[in-house]
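The values are calculated or read from the model by the stated rules, or taken from the named source; none is laboratory data. This is a predicted model, so every value here is computed, not measured. All Cβ positions, even for glycine, are placed from backbone atoms using ideal geometry, and neighbour counts span all protein chains on display.
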Amino acid sequence: MKCNANQNWCGEHEIVYSEDDNHYCVFHAPKDKKGISNEDFNKLVFQLIDKNRKKKDVLLLKGTIFPDAISFEQYNYDNQISIDINFSEAHFHNEVSFHGTHFTGGAYFDHATFHANAHLDNVNFNAMTTFTGAQFKQEVHFDDSNFMNNAVFCDTIFNNKADFKNAIFTDSVDFSSSHFKNGVKFKKAEFKSDCHFSKSHFSGKIDFSSINSNPIYFSNATFHKASFVNPNMSQHIYNGANFGGSSLMNLDLSNTDLQNSKGIIFDNTYIKNAKISRNARDPWSILRRNYSGTLLIFHLVLLIAFIMPYFGKTLLWVGINQSQESLTRSVESIRIRAENINSNEAREFVLGELSKITPCLAPECKEHTVAEVIIGLDKESKIWILVVLLIVYNIFRTILTRFIGPLCDEESRHYTTPPLGSYNPFSEGYKKLLPLHHMSQVLFLVSIVTFLWHAWVWSTAILWLPVK
Ligand SMILES: [Zn+2]
């Protein structure tokens, strides 16, 4: 009978547990079906290490189910694990301690599951070390550990606190696509070569304080409701990262690459020499783009385009008013002269014809002031509502420009974004301006529609021109 654990290293060990057609050796049997005490099980593991170490052979412990707590602390500096050891797909059902262990050969923990706290502190990993796809269901401590060769933590899941305080990564380390679900501490860690956190997910407290590193790659990483313990997150690469509402309050993001990043909310953030996308979608970038610089000029042109038709209309109606008044005066003076016509028939005719001439040249006229006609109060349509909205829109723009200009000035002098503040109109910061901006955006659309409507009406007005 062969062990059914689909591993090919345990063939020489007898079957200790069978279930239906499945048979298991002592290493792969479920945690309460080993048939020996937990202490004896651990001894078996140590015997394998000692045996393979003598043979200078790789030790495969792939898929081993560790039923209870186990400590490898005896494999310290004077008793090093001098062979490659493979714990991949292993399950550690209780606490495991590698405190002070020296791995001279490679240490492979790919897809291993740590069901309880894992102590990997003060460990010397002298060769390749991999935790690809490993899962730490409880806390894990790597503090003061030394990674002398490549370390791989790709797709590793840290469900609880992860502590890498004072850890030293001499060669490159890759945390790509790892999940830190309850914070991570890299305080005083040293990254002497490349360090990648690309596509990693961070939640909770992120502590990178007093680290020693080259720029760290956080490309396309996600910071979900994370908080940065250390304000200095400068120099690193965050392109495509999603900050998902994490607070950037008082953070130092100078010399970073923030291009294509999402979910940023600047809050008194130091951004000297930071690379920020030209079309950044964060609220502060939107405000400063809309109410200062080139867009300001664009909107001024738009404002003039909005006013021009009204200006033209005013001139036209004032002109018409003058001609109507002079027409009325002429008709009146002709009427006075016509009273003196001797022939009754002729007098009646002239007076009759004169009475038909009205100021508006139509059978009936109604008086309006020039202002009423310009904003369209004389018409059935509700154009005047649009006109009022446009006036409000331009008042909003003026207020926003008036507040945002000085904030931009200050930012360009100190390289620090304004604080976020609150919706309270008297608070410091730019948050209170956001509702005004959103309303103004709606009015902007209305303004475009009105402008197009004006353009249509004016260009399709019919004129009568003499034929040559
Ligand atoms: Zn087996």
Failed condition for GLU428, given (1) surrounded by fewer than 16 Cβ atoms within 10 Å (Cβ to Cβ); (2) at pLDDT below 85, with all others met? (2)
Given the residues ALA461, ALA455, which is the only one that is of a type in the set (A, V, I, L, M) and closer than 16 Å to ILE307 by Cα? ALA455
The condition from (1) assigned to a loop (DSSP other than H, G, I, E, B); (2) over 48 Å from the mean Cα position of the chain (by Cα); (3) within 14 Å of the ligand (Cβ to nearest atom) that ASP57 misses is numbered (3)
Being farther than 19 Å from GLN138 by Cβ, in contact with an Asp or Glu (Cβ under 8 Å, 6 or more places away or on another chain) and of a type outside the set (S, T, N, Q) is the filter here; which residues of the stretch 83-106 pass it? ILE83, GLY100, GLY105, GLY106
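Which one of these is away from the ligand (no atom under 15 Å from the Cβ), at positive phi and not in a helix (DSSP H, G or I): GLY63, GLY100, GLY35, GLY105? Write out each step before concluding.
Numbers: GLY63 fails: away from the ligand (no atom under 15 Å from the Cβ); GLY35 fails: away from the ligand (no atom under 15 Å from the Cβ); GLY105 fails: at positive phi.
Exactly one of GLY63, GLY100, GLY35, GLY105 is away from the ligand (no atom under 15 Å from the Cβ), at positive phi and not in a helix (DSSP H, G or I), namely GLY100.
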Looking only at the stretch 259-297, count every residue that is in a loop (DSSP other than H, G, I, E, B) and of a type outside the set (Val, Ile, Thr) and tell me the total. 17
Any residue in the stretch 83-101 that is assigned by TED's automatic domain parsing to the domain that holds MET148 and among the hydroxyl-bearing types (Ser, Thr, Tyr) sitting within a Cβ distance under 6 Å of a residue that is part of a loop (DSSP other than H, G, I, E, B) and surrounded by 18 or more Cβ atoms within 10 Å (Cβ to Cβ)? List the pairs, counting only those 6 or more apart or interchain. SER88/LYS62; SER88/ASP110; SER88/HIS111; THR101/PHE72; THR101/TYR75; THR101/VAL123
If the Cβ limit is 8 Å and pairs must be 6+ apart or interchain, which residue in the stretch 223-234 that is of a type in the set (Ser, Thr, Tyr) pairs with which residue that is modelled with pLDDT under 90? SER227/SER246; SER227/SER247
So which residues in the stretch 214-238 are surrounded by fewer than 18 Cβ atoms within 10 Å (Cβ to Cβ) and among the polar types (S, T, N, Q)? ASN214, SER227, ASN230, ASN232, SER234, GLN235
Given the conditions (1) farther than 24 Å from PHE142 by Cβ; (2) within 46 Å of the chain's Cα centre (by Cα); (3) crowded, with 19+ Cβ neighbours inside 10 Å, and given that VAL123 satisfies all but one, which numbered condition is not satisfied? (1)
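If we keep just the residues of the stretch 1-22 that are surrounded by 15 or more Cβ atoms within 10 Å (Cβ to Cβ) and near the ligand (Cβ under 9 Å from one of its atoms), which is farthest from VAL45 (Cα to Cα)?
So the first thing to find is which residues in the stretch 1-22 are surrounded by 15 or more Cβ atoms within 10 Å (Cβ to Cβ), and the list is 3-5, 7, 9-10, 13, 15-17.
Imposing the further condition that a residue be near the ligand (Cβ under 9 Å from one of its atoms) reduces the set to 3-5, 7, 9-10, 13, 15.
On the way: CYS3: 17, ASN4: 19, ALA5: 17, GLN7: 16, TRP9: 13, CYS10: 12, HIS13: 12, ILE15: 16 Å.
Only one residue tops the list, namely ASN4.
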In the set PHE41, PHE72, PHE46, the lone residue that is under 17 Å from PHE92 (Cα atoms) and surrounded by fewer than 18 Cβ atoms within 10 Å (Cβ to Cβ) is PHE46
List every residue pair whose Cβ atoms lie under 6 Å apart, where the two residues are 6 or more positions apart in sequence or sit on different chains, the first residue falls within the stretch 423-440 and is under 14 Å from ASP267 (Cα atoms), and the second residue, located anywhere, is exposed (fewer than 11 other Cβ atoms within 10 Å of the Cβ). LYS432/PRO425
Considering each of PHE27, PHE46 in turn, give the residue that is away from the ligand (no atom under 16 Å from the Cβ) and free of Cβ contacts under 8 Å to residues at least 60 places away in the same chain. PHE46
